[in-house]
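Everything below concerns the one structure shown next.
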Amino acid sequence: MSDYRMPAEWEEHERCWMAWPARMCMWDDPDGTRKAYTAVAHAIAQFEPLTMVVNPQQAAEAHNYLGSDITLLEMPIDDSWARDTGPNFVKSASGDLAGVCFGFNAWGGKYTPYDQDAKMAERILASAGVPAIHSRLIAEGGGICVDGEGTLLTTDSCFPNANRNPDWSREQIDEELMRLLGVEKVIWLPGDPLDEETDGHVDGVAAFVAPGKVMIEGSDNAEDSRKEYFDSLREAIDGQTDAQGRTLELLNLPEAPWDVSMGERFCCSYVNSYIANGAVIAPSYGIALDGEIRERLQDYFPGREIVMVPIADIAVGGGGIHCITQQQPAAG
């Protein structure tokens, strides 16, 4: 059992970390993407401090968009998915923080270069004065969802993938996640076969919203090309118990509709939201479904303000709000 545990995302944060858009070939409209990142950052900054990691040569550009309310931290980076390249913060029983630095190979070598991103977690921790815990496991934060009480959700298509950890068995991955993150039970879910960017990160399809409660992506449309996958996701988690012995309650959240004009990478996930101090920062797509999602999220997160941010110019790159954020828990 680890001396540390990874807190749930709804526990108090010291700050949020993001990374300014760097790999510009990812974006159809770079200016639109910068504006969308800015909107997400400002939405979060209403509720907690936010630091934006930025390439030194882009610092002036970032400041022009973000203004003086957002702290900038200059360091070399390759890309802008802080969930996957930032540290996974953990906390000791006495309240001290540390940060887990997994190995990083750009989701199985899908993009190059990635050598600066592979160092980003350690550099963030050094800047924050937080000790680092290193692991040989190739893993990304988007592939991890915890309840802070011993349970972790992940998918069988990511970390055991030969493009990441060819020499690791699933049992060895279990043991390493338990050692690093203080979890007692790992629940393996099927990964989304259409998510070719990350090989099916869990944060696009499932998220704990409270102890014993999991929000999962789904579809009631019988003609939806992903309905078979959503049904398998529900089947895999239905009836599961968490580390405390509670049977997990499943909360459905529809996905936004996709069509070919959006591009193959487009992220349609409403589940891919960020839980901030006192709020949930969720995506909007400019469609009627946005209103229903707001109502459902308000039911799922009572007492939190629901702030929806248009993210089409981020989603086109293959990710959503959760993908571009990483929380740092409050110490103590």
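The values are calculated or read from the model by the stated rules, or taken from the named source; none is laboratory data. Keep in mind the model is a prediction, meaning the values are calculated, not measured. Please note: Cβ atoms are built from the backbone with ideal geometry, for glycine as well, and neighbour counts cover all protein chains shown.
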Yes/no for D69 being of a type in the set (D, E), over 16 Å from I324 (Cβ atoms), touching a helix residue (DSSP H, G or I) at 6+ places or on another chain (Cβ under 7 Å) and at pLDDT below 95: yes
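Residue-wise test of (1) of a type outside the set (K, R); (2) buried (at least 23 other Cβ atoms within 10 Å of the Cβ); (3) closer than 15 Å to G200 by Cβ; (4) at pLDDT 95 or above.
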site: T154; (1), (2), (3), (4): yes, yes, yes, yes
site: A162; (1), (2), (3), (4): yes, no, yes, yes
site: Q172; (1), (2), (3), (4): yes, no, no, yes
site: M178; (1), (2), (3), (4): yes, no, no, yes
Subset of segment 75-101 (residues that are more than 23 Å from R265 (Cβ to Cβ), not in a loop (DSSP other than H, G, I, E, B) and not hydroxyl-bearing (S, T, Y)): N88, F89, V90, K91, L97, A98, G99, V100, C101
Subset of segment 202-229 [without any contact (Cβ under 8 Å) to a residue 40 or more places away in the chain and under 19 Å from the mean Cα position of the chain (by Cα)]: G218
Flag for G86 being of a type in the set (G, A, S), crowded, with 17+ Cβ neighbours inside 10 Å and under 30 Å from L177 (Cα atoms): yes
Tally, over segment 70-96, of residues that are touching a strand residue (DSSP E or B) at 6+ places or on another chain (Cβ under 6 Å) and over 30 Å from G317 (Cβ atoms): 2
Number of the exception - S127 against (1) part of a helix (DSSP H, G or I); (2) among the hydroxyl-bearing types (S, T, Y); (3) buried (at least 24 other Cβ atoms within 10 Å of the Cβ): (3)
Scan of segment 283-332 for residues that are among the small types (G, A, S) and buried (at least 20 other Cβ atoms within 10 Å of the Cβ), ordered by number: A315, G317, G318, G319, G320
